[in-house]
Structure formats: structure tokens, C-alpha cells
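The values are calculated or read from the model by the stated rules, or taken from the named source; none is laboratory data. Since this is a predicted model, take the numbers as computed values, not measurements. Cβ: placed from backbone, ideal geometry, glycine included. Neighbour counts: every protein chain shown. Ligands, DNA and RNA are excluded from the accessible area calculation, which covers all protein heavy atoms including side chains. Shrake-Rupley method; radii C 1.70, N 1.55, O 1.52, S 1.80 Å.
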Amino acid sequence: MEKKLEQLDEWFEKQIAFCAEEQRKLLDDDRNDEANFEKIRANVYDIFRTILSVAVKIGKGDTDAIKEFFHKKTEQIPANWVSSYDKAKAHGDIEQMQIENIKLETIQEIKLKFSEIWEEKR
């Protein structure tokens, strides 16, 4: 389990660093909206890195409990983003739709990576 947690933490760290670098490049090119999107993406990674650490504390070494807690949060939190996306769509708020879409795409990537690492037989 420790190796899986280490792999996930390293992956989150790399994703956050990549987003920060992209954000910096975009700001240098005066592409502020796109830079903000990278900041949002980095925030989602950071939120779920924190949730993983909470899952570990709550799970107390039980890999199934950790997995269950993390999966539950990857469903609960994005439900609010779906709702916000739907409201933005109803009001024609393209920017908010884009923001919520970025969050939803990022959580899908997180879910895939979590499953890829957590389900490995080691």
C-alpha cells in the first residue's frame, strides 16, 4: 500500500507542477483566461491529493476503506460541478461551463490514475 500511495502522491505532484509551468507560460504570453484554467486544474489535483491523505488517515491501513472513501469523494464532489455546469449552460455562461468542464475532465483523469495504480497487484 505504501508504494501505491507514494506513486499517487508523485503523480499528483507532477500534475500540479505541470499545471503551474503551463500557467506561467500562458501568463507570459498574456493568455490570462487559459492560465486561470491551468490554475483550476492544479487546484483539483491538489484537492484530491488532500482527500487521498484524509482517506489514508480514516482508513487506518485498510486498503479497501481507503479506496471506498476516495471513490465516494470522487463521486460526491464532482456532483456539484455537474450541477454548476448545468446551471451555467441554462444561463448561457460559456466561461463557467468551461471551468466546470475542466474540473470534470480532471476528475476523470484522477479516477483513471487512481484505479490504474490502486488496482495493481503488488
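Things to note:
- Of the DSSP H helices in the chain, those whose Cα atoms cover at least 20 Å axially and whose Kyte score averages -1.0 or more: 32-59, 63-90, 94-118
- Each Cα pair under 8 Å and six or more residues apart adds its sequence gap; the mean of these over the residue count of segment 1-121 is a relative contact order of 27 percent.
- Surface per residue (accessible, 1.4 Å probe) for the chain, Å²: 62
- For ILE99, the shell of other residues with beta-carbons less than 14 Å away shows a net charge of -3, using +1 for Lys and Arg and -1 for Asp and Glu.
- For the chain, built as a Gaussian network whose Cα springs stay under 10 Å, the top-fluctuating residue of PHE70, PHE37, PHE18: PHE18
- Surface share of carbon and sulfur [accessible, 1.4 angstrom probe, percent] for the chain: 49
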